[in-house]
Amino acid sequence: MKTSGNTILMTGGGSGIGEALAHRFHDRGDTVILAGRREEALRRAAVGRDRLHTMVLDVADAASVDAFARRVIADFPALNVVFNNAGIMKFEDLTSHRDLTDAEATLAINVLGPIRLTNALVDHLKGQPNAAIVMVTSGLAYVPLVAAPTYSASKAAIHSYTVSLRTQLQGQVEVLELVPPGVRTGLTPGQADRPGYMPIDAFADAVAVQLGQDPTPSEILVDEVQFLRQAEREGRFDETLKTLTERAARQREAGDGRA
């Protein structure tokens, strides 16, 4: 991935990982389009930065994605990097019949969203120099958090999809997977202040360093996520799953909704 002078589309850009990375890209000389559902949050994230632009996008709405793609290409014809970062995470109890609204929304945003947006922009990106697609997954793609089963499954699905996408686009568009650990963001209640989670600035700084490497690693893995990423390879999957499950249960018992 080129280290400056890109035109980058960042979904989920109004807060959290998207906002933090967008600020670092802006500071190194990139133009960034922040996209998301909440216009007010996007505007706050862009304040005082002349190369940060905002566009409203709901990745769960197929028609909206296609219309957005046409508009962003028209407004930013130099677009060459897409970060599929938008996502939601919900806790779910699978032990009895339930309303599947949260599960369906999670799949629509976390799985169909990046697939639709990539599909809408891939032909444009293939014609751009130094083009890249970055899929943001999670350490939970490799060891699921059983309290958030659909979220974990959605990230596992996008990991698999990214492998196929990278192989099919080899030599045309660089395809990267960014694999966050638990990061202090607003993804779930209480997470922004959760002990043991990686501070957002430290995470964004570490990611920016790896994205600046030549060649760029196909998987962007900070040290804090290796415990999950390498669990199966190192023969400790069951142990790691048990540790995650027990920690989540303790946090729920403490009444703060953390996991």
Env charge @ residue 208, Cβ radius under 12 Å, K,R +1 / D,E -1, value -2
Considering amide H positions built from the backbone, and no H for Pro or chain starts, which residues 5 or more places from residue 220, or on another chain, come under 5 Å of its amide H? 177, 178, 179
For residue 54, list long-range residues whose amide hydrogen, built 1.01 Å from N in the peptide plane, is under 5 Å from its own amide hydrogen. 34
How many times 2.2 N^0.38 Å is the alpha carbon radius of gyration of segment 1-152? 1.08
Using just the helices of the chain, give the 222 nm mean residue ellipticity in deg cm²/dmol: DSSP H runs with n ≥ 4 each add -39,500 (n - 2.57), and the total is spread over all residues, rounded to 500. -13000 deg cm²/dmol
Step by step: find N for the chain, compute 2.2 N^0.38 Å, then divide the Cα radius of gyration by it. What's the final number? 0.98
Quick one: order 142, 151, 161 by neighbouring beta-carbon count within 10 Å, fewest to most. 161, 142, 151
Whichever lysines have a C-alpha closer than 21 Å to that of residue 242, once near sequence neighbours (fewer than 8 apart) are set aside: 90, 155
Would you grab the residues whose amide H sits under 5 Å from the one on residue 185? Only those 5+ places off in sequence or on another chain, please, with H modelled 1.01 Å from N. 192
Enumerate the lysines that residue 126 could reach by cross-link, defined here as Cα to Cα under 17 Å, with residues fewer than 8 away along the same chain left out. 2
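Where a number appears in this text, it was derived from the coordinates with a stated rule and is not lab data. From a predicted model like this one, the values you see are computed outputs, not experimental measurements. Cβ: placed from backbone, ideal geometry, glycine included. Neighbour counts: every protein chain shown.
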